[in-house]
Each structure stands twice: as C-alpha cells, then as structure tokens.
Amino acid sequence: MDRLPKTMVLGHRQRRSLAPTEMHDRLRLSGSCPARVAASGSDLVPERYKFYGYRHGLGVRILRGVITHHPLKLTIGDNSGISSGTQINAAAGIAIGKGVLIGPNCIIWSQNHRYQSLDKEIRGQGYEYSPVNIEDDVWIAASCVILPGVTLGKGFIFAAGAVATKPLPPGVIAAGVPARVIGRRDGLTPPQL
Ligand SMILES: CC(C)(COP(=O)(O)OP(=O)(O)OC[C@H]1O[C@@H](n2cnc3c(N)ncnc32)[C@H](O)[C@@H]1OP(=O)(O)O)[C@@H](O)C(=O)NCCC(=O)NCCS
C-alpha cells in the first residue's frame, strides 16, 4: 500500500467537483488522519477517487457520481465496480469483496440514527453502527438498499429495487421489500421456498 502525503493541496477545479461530504473526508485526509489508500490500485480508478482514502484492489471501476461517506473505512476487492449515483456510508466499516457488481443508484449504509428518546430530536440522539459485508462475486442490481449489519453471501444476486434488512445467503437470488429469497442461481428451489 502506498501512502498519501499528509498535506494535499486541492486545486480550484477539484474543489468545485466535490460534494460536501467528499470534501469533508478529503479535508480530513489532508489533516492528521493517516492515509491508508493505495495511491493507484488500478489505472481504471479515476484520479479524483484515488485520494478519498478507501482501500481498493486492482481493476476496480467507480463510475462518475458515486458518493462515499467515511471512505477510510471502506475496502473494495479486485475487479469490483460501482455504478453512477450509488451512495455508500462506511462509518461502521464496509467490506466489498472481489468481482462485485453494484448497479446504479444503490444505497449501502452502515449507521442508523438512534431514535429511542421521545424527549429529544432524532438528529441529536447520535448513531448506532453496524458493519456491512458484501462477499465475492455478488451482483447488486439497480436501486437496491442495503441496511446496516447486513452480509450478502458469496455469489448472491440482489434483484432491482430490493431492500436488505438482514443477512442473505450465498448463491441465491433475493428480491422485494424486505428482501426474500426468490430462487437459486442454478435454478433449483431454495430450501426457504
Ligand atoms: C434479479 C433478476 C436478474 C432475475 O431475473 P430472472 O432470473 O430472469 O427472473 P425472472 O424474470 O424469471 O423472475 C422470477 C420471479 O422473480 C420476480 N422478480 C424478478 N425480478 C424482480 C425484482 N427486481 N423485484 C421483485 N420481483 C422480481 C418475477 O416477478 C418472477 O416472479 P413470479 O415467478 O412470481 O412471476 C432480474 O429480475 C433483475 O432484477 N435484474 C436487474 C437488472 C438491473 O438492475 N440492471 C442494471 C444494474 S447492473
């Protein structure tokens, strides 16, 4: 792993192209926060994403418009890709395996607002954190939502528009809100059905 310089000077053009959260994380990087990103895991990773702080393998493709909150806690394995409009909040840690396909406009979140007190605004109650683990060779189709604490098993397929509220097993297809297993990749009936 290469290390980033502790201080980075952002050009005017770069500043304008960053969303507020990205800017925040990038500025944190330029402070005392240790940079743990591979400076260039792949030539396919556009320049503007290399410095966000997440660790990634070779051949990773991140399309334009992907937003990463807390990127220092995000890891992405070799040959994985993320499509436009997807937002990832890695506050509790998010591990994306190898060869993972993440479609457009997905939400992958690892923190929830605390809300139990009725005497306080939700926004002032802090957060609960729970890591997300996406194993190798998973396909997450368009507009899926993955909630905190979820693990998606190896080779899993997540149908468009589904919401994962709990761990889902390897090698199956799940769909709907909340997501249910609808089949197996090899066409056999899964034991749950
Ligand atoms: C998951 C997916 C691959 C399944 O395809 P498939 O194996 O051909 O499945 P079928 O079309 O035969 O559908 C099987 C059943 O699942 C249901 N189903 C399929 N996709 C669904 C979805 N996204 N949400 C809810 N139900 C779904 C079908 O209605 C069907 O139900 P039925 O048996 O009661 O009629 C496909 O439906 C899908 O969501 N593709 C994503 C495309 C996409 O987002 N591409 C861009 C991002 S990379």
Worksheet item: When Ala142 is evaluated against the numbered criteria (1) buried (at least 18 other Cβ atoms within 10 Å of the Cβ); (2) in contact with a Cys (Cβ under 8 Å, 6 or more places away or on another chain); (3) aliphatic (A, V, I, L, M), which criterion, by number, is the only one it fails?
Response: (1)
Worksheet entry | strands (runs of 3 or more DSSP E) wholly inside the range 84-191 that include at least 1 residues being more than 16 Å from the ligand (Cβ to nearest atom) | 87-89, 94-96, 107-109, 111-113, 127-129, 132-134
Discussion item. When you check Ile102 against the structure, is it modelled with pLDDT of 90 or more, of a type in the set (A, V, I, L, M) and touching a His at 6+ places or on another chain (Cβ under 6 Å), yes or no?
Written reply: no
Response to the item:
Restricting the range 88-128 to residues that are surrounded by fewer than 16 Cβ atoms within 10 Å (Cβ to Cβ) and of a type in the set (Ser, Thr, Tyr), the one nearest to His70 (Cα to Cα) turns out to be Tyr127
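The values are calculated or read from the model by the stated rules, or taken from the named source; none is laboratory data. All values derive from a computational prediction rather than experimental measurement. When we count neighbours, we look across all protein chains shown, and the Cβ atoms used for this are built from the backbone with ideal geometry, even at glycine.
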